[in-house]
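Some notes on the structure that comes next.
The values are calculated or read from the model by the stated rules, or taken from the named source; none is laboratory data. All values derive from a computational prediction rather than experimental measurement. Note that we place each Cβ from the backbone using ideal geometry, even for glycine, and neighbour counts take in every protein chain shown.
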Amino acid sequence: MGRGLINKYIWILDTVQRYGRITRSELNDLWIKSDISNGEKLVRRTFYNYREGIAEIFNVDIECDPSTFEYYIKDSGEQADKMLNWLIDTASMSGMLSNSKDIADRIVLEDVPSARKNLPVMIQAMKENRRVKFTYMPYTRVNPTPGVVIEPYFVRLFKQLWYVIGYNRKDRKMKTYSLDRMSDVVIMQDNFDMPATFDAAMFFHDNFGIMTSRGVAKDVVLRVDSNQSKYLRALPLHHSQREIAIHDDYSLFGYHLFLTFDFIKELMSLGSSVTVVRPPELKAQLLDELKKTLANYEP
């Protein structure tokens, strides 16, 4: 089965689930406007075949309410819903899972916040270069902030969370927002112009995570024990990672990046397997956080 057909199945699943209930006419209108249709209609017979294919491959039934002629995804239980969300969020894995319906109860998935409700809106706004308005509820505040307006420049996935990075009109600066903390997201009518020199890939080039810094990127050297070194070779912490030296019990890894709190938290998560060799300011910051952590356990 071709990847193109799988992508069509994923698109239908995603759209029906996001809308909850949708008529075939409404689905066809969205289908024609999408990049996946090549401008062709989703005729009745083709849709019927796609529904059968979705049921066979993903073990998900799209049913029709005869009283309203609306299509919806049949509720198959909490675990099945988690699996469906994961399949849609990670469409690139769909081919590998195409024959897994008979062992669905043996696939245990991690429950993470989903951004699929707001991600398509952001992508559409970026395509049309339109401003977006929303209510934002950050983790660090008690009350939400309504009426936030940004010019969405790009989106980024980090540690299973989607973020949008854009220019905040009120604050007059670039800011980062987690899509799962948004509500009442609306695409506005007014357009904006993307700076011709803006490079999304370079925005976080010398950063770890989704935090940015106005400081200067530093050369970092970590001493990593032999077991953890294997993991870093397989999954580097940062694109600048290079292995400087290999010893029997440890290796030295070098990086060039800003000393953001995201990076410090990542180092703390690695525990005693990692030791900061330099720079001294990173050692001091890490030691300060460790002291605060230990203080929580003092009698």
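Sort through HIS256, HIS247, HIS239, HIS205 and tell me the only one that's at pLDDT 95 or above, out of contact with any Pro (no Cβ under 6 Å at 6 or more places or on another chain) and closer than 27 Å to VAL155 by Cβ.
Testing whether each residue is at pLDDT 95 or above, out of contact with any Pro (no Cβ under 6 Å at 6 or more places or on another chain) and closer than 27 Å to VAL155 by Cβ leaves just HIS256.
Among the listed residues PRO113, PRO152, PRO144, PRO138, which satisfies the condition of being outside the structural domain of ASP14 (by TED's automatic domain parsing), modelled with pLDDT of 95 or more and either over 19 Å from the mean Cα position of the chain (by Cα) or not hydroxyl-bearing (Ser, Thr, Tyr) (or both)? Don't jump to the end; show me each part of the working.
Values: PRO113 fails: modelled with pLDDT of 95 or more; PRO144 fails: modelled with pLDDT of 95 or more; PRO138 fails: modelled with pLDDT of 95 or more.
PRO152 is the lone residue from the list that is outside the structural domain of ASP14 (by TED's automatic domain parsing), modelled with pLDDT of 95 or more and either over 19 Å from the mean Cα position of the chain (by Cα) or not hydroxyl-bearing (Ser, Thr, Tyr) (or both).
So which of LEU267, LEU259 is assigned to a helix (DSSP H, G or I) and under 28 Å from the mean Cα position of the chain (by Cα)? Before the answer, list the steps.
Details: LEU259 fails: assigned to a helix (DSSP H, G or I).
Among LEU267, LEU259, only LEU267 is assigned to a helix (DSSP H, G or I) and under 28 Å from the mean Cα position of the chain (by Cα).
Output the number of residues of the stretch 274-299 satisfying the condition of being touching a Phe, Trp or Tyr at 6+ places or on another chain (Cβ under 9 Å), within 14 Å of LEU222 (Cα to Cα) and in a helix (DSSP H, G or I).
The total comes to 1.
May I ask you to verify whether VAL224 is assigned to a strand (DSSP E or B), in contact with a Lys or Arg (Cβ under 9 Å, 6 or more places away or on another chain), crowded, with 17+ Cβ neighbours inside 10 Å and at pLDDT 95 or above?
Values: assigned to a strand (DSSP E or B): yes; in contact with a Lys or Arg (Cβ under 9 Å, 6 or more places away or on another chain): no; crowded, with 17+ Cβ neighbours inside 10 Å: yes; at pLDDT 95 or above: yes.
Judged against the criteria, VAL224 is not a match.
Need the failing condition index for LEU30 against (1) at pLDDT below 85; (2) under 21 Å from LYS117 (Cα atoms); (3) in contact with a helix residue (DSSP H, G or I) (Cβ under 7 Å, 6 or more places away or on another chain), just the number.
Failed condition: (1).
Before we move on, is ASP190 in a strand (DSSP E or B), in contact (Cβ under 8 Å) with a residue 24 or more places away in the chain and on the phi > 0 side of the Ramachandran plot? Spell out the reasoning first.
Numbers: in a strand (DSSP E or B): yes; in contact (Cβ under 8 Å) with a residue 24 or more places away in the chain: yes; on the phi > 0 side of the Ramachandran plot: no.
Answer is no for this residue.
Counting only residues that are modelled with pLDDT of 90 or more and in a loop (DSSP other than H, G, I, E, B), which one in the stretch 44-69 is nearest to THR15 (Cα to Cα)?
Checked the stretch 44-69; the qualifying residue nearest to THR15 (Cα to Cα) is PHE69.
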